[in-house]
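Take this structure first; my questions come after.
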Amino acid sequence: QVQLVESGGGLVQAGGSLRLSCAASGLTFSNYCMGWFRQAPGKEREFVAAASWSGASTVYADSVKDRFTISRDNTKNTLYLQMNSLKPEDTAVYFCAATKRYEFSTKSEEYDYWGQGTQVTVSS
């Protein structure tokens with residue numbers, strides 16, 4: 001019943017911006033901490049950013065700090081990832097995930113639900 005659907009990915013030149021969205025259904029959205037992860041070809045899935053239930057508390061991977069912003073709109077059951085100053089190294093499939101944990105987590109194994117992913121490709 002729970003479904004997470006990412007959107008907003010695409011092809012962008014280095015230095016450009018994209019905003020990813022994750023629409024959640026089948027759950028009480030505000031009861032879940034949310035996170036973004038990404039996986040590039042040949043690499044392990046890695047943490048990108050996470051947000052608390054309200055979105056007031058956030059955490060970022062060092063590689064995206066000061067460039068990416070995670071946010072959520074609980075009235076719309078939607079999670080966002082604003083990505084600025086994109087680099088070719090950001091190229092990956094981006095996944096949103098949900099966890100019932102009281103606090104957000106940077107560990108993929110602690111998330112309960114996952115979206116199908118959206119491709120982000122940054123050209124040089």
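The values are calculated or read from the model by the stated rules, or taken from the named source; none is laboratory data. These numbers come from a predicted model, not from an experiment. Using ideal geometry, Cβ is built from the backbone for each residue, glycine included, and neighbour counts are taken over all protein chains shown. Heavy atoms of the whole protein, side chains included, go into the accessibility calculation; ligands, DNA and RNA do not. Shrake-Rupley method; radii C 1.70, N 1.55, O 1.52, S 1.80 Å.
In the range 8-28, how many are without any contact (Cβ under 8 Å) to a residue 40 or more places away in the chain and open to solvent by less than 40 Å² (accessible area, probe 1.4 Å)?
Of the residues in the range 8-28, 0 are without any contact (Cβ under 8 Å) to a residue 40 or more places away in the chain and open to solvent by less than 40 Å² (accessible area, probe 1.4 Å).
Of everything in the range 104-118 that's open to solvent by 60 Å² or more (accessible area, probe 1.4 Å) and not hydroxyl-bearing (S, T, Y), which residue is nearest to S25 (Cα to Cα)?
W114
Being farther than 18 Å from T121 by Cα, at pLDDT 95 or above, surrounded by 13 or more Cβ atoms within 10 Å (Cβ to Cβ) and not aromatic (F, W, Y) is the requirement here; does G35 meet it?
It is true that G35 is farther than 18 Å from T121 by Cα, at pLDDT 95 or above, surrounded by 13 or more Cβ atoms within 10 Å (Cβ to Cβ) and not aromatic (F, W, Y).
Checking T121 against (1) open to solvent by less than 70 Å² (accessible area, probe 1.4 Å); (2) among the hydroxyl-bearing types (S, T, Y); (3) in a loop (DSSP other than H, G, I, E, B), which single condition isn't satisfied?
Against the list (1) open to solvent by less than 70 Å² (accessible area, probe 1.4 Å); (2) among the hydroxyl-bearing types (S, T, Y); (3) in a loop (DSSP other than H, G, I, E, B), T121 comes up short only on (3).
For (1) assigned to a strand (DSSP E or B); (2) at pLDDT 95 or above; (3) open to solvent by 10 Å² or more (accessible area, probe 1.4 Å); (4) aromatic (F, W, Y), each residue gets a yes or a no:
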residue: P41; (1), (2), (3), (4): no, no, yes, no
residue: V59; (1), (2), (3), (4): yes, yes, yes, no
residue: D66; (1), (2), (3), (4): no, yes, yes, no
residue: T69; (1), (2), (3), (4): yes, yes, yes, no
residue: L81; (1), (2), (3), (4): yes, yes, no, no
residue: E89; (1), (2), (3), (4): no, yes, yes, no
residue: V93; (1), (2), (3), (4): yes, yes, yes, no
residue: A98; (1), (2), (3), (4): yes, yes, no, no
residue: Y102; (1), (2), (3), (4): no, no, yes, yes
